[in-house]
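Worksheet for the structure shown next.
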Amino acid sequence: MKEKDLLTITSLLSILLMSLHLADDIVRGYEKGDVYTLTAVLIFCTWLYGTLMLRERRWGYIIVLLASLLSLAVPYLHMRGKGVALSSRVAHSDGAFFFVWTLIALGVTALFSLILCARGLWRLPWRRTR
C-alpha cells in the first residue's frame, strides 16, 4: 500500500476517533455541549479538507500534521488530568473500556499520521519550478 493511501486512511481514522472521543467527553461531562463545541466541527472540516482535497500537497501535509499533534495531546492530557487519572470515576462507569480504547487508538493513529506527514513533507521539493 502506498504512503499517501496510508496517510489518508490513518487521518480519516483519527478524525473518526477524535469525534467519537469528543462525543464521549460531552456525555461524561468533561466538556460542555454548548455552541462553542461547534468549533470542533470547523476543526474537523478543515482536517478532512486537508486529508482529502489537499492530499500530497504541502498545505495538506501541514494541516494533517497539526491535527495529528493536537490529537496526540488528547490521550496524554486525559491520562494526566481530566478523565482516567482523576479517579476511578471512569474505571467504574459504563463504557470505560470504550473510553480508554479510544484514547489508545487515537494516540496510535495520530502518531502514525504524524510520522507519515513528516516523511511526506521531507520528500517534497522546497523550490518552486517555473
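The values are calculated or read from the model by the stated rules, or taken from the named source; none is laboratory data. Quantities reported herein were computed from a predicted structural model and do not represent experimental measurements. Quick reminder, even Gly has a Cβ in these numbers, built from the backbone with ideal geometry, and neighbours come from all protein chains shown.
Descriptive notes on the structure:
- Yes/no for Glu56 being among the acidic types (Asp, Glu), farther than 18 Å from Val74 by Cβ and not in a helix (DSSP H, G or I): yes
- Given (1) under 20 Å from Arg119 (Cα atoms); (2) under 14 Å from the mean Cα position of the chain (by Cα); (3) modelled with pLDDT under 95, index of the condition Tyr76 fails: (1)
- Given (1) modelled with pLDDT under 85; (2) part of a helix (DSSP H, G or I); (3) among the aliphatic types (A, V, I, L, M), index of the condition Ala85 fails: (2)
Yes/no matrix, rows are residues, columns are (1) surrounded by 15 or more Cβ atoms within 10 Å (Cβ to Cβ); (2) closer than 14 Å to Thr109 by Cα:
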position: Asp5; (1), (2): no, yes
position: Val35; (1), (2): no, no
position: Ala40; (1), (2): yes, no
position: Leu48; (1), (2): yes, no
position: Met53; (1), (2): no, no
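- Test: Met1 is within 18 Å of Leu121 (Cα to Cα), aliphatic (A, V, I, L, M) and free of Cβ contacts under 8 Å to residues at least 12 places away in the same chain: no
- Residue count for region 1-53 satisfying the condition of being hydrophobic (A, V, I, L, M, F, W, C), at pLDDT below 90 and not in a helix (DSSP H, G or I): 1.
- Region 95-110 residues that are touching a residue at least 24 places away in the same chain (Cβ under 8 Å), paired with ones that are surrounded by fewer than 16 Cβ atoms within 10 Å (Cβ to Cβ) and assigned to a helix (DSSP H, G or I) (beta carbon under 7 Å, 6 or more apart): Thr102/Leu20
- Scanning region 54-82 for residues that are closer than 15 Å to Ser11 by Cα and among the aromatic types (Phe, Trp, Tyr) returns Trp59, Tyr61.
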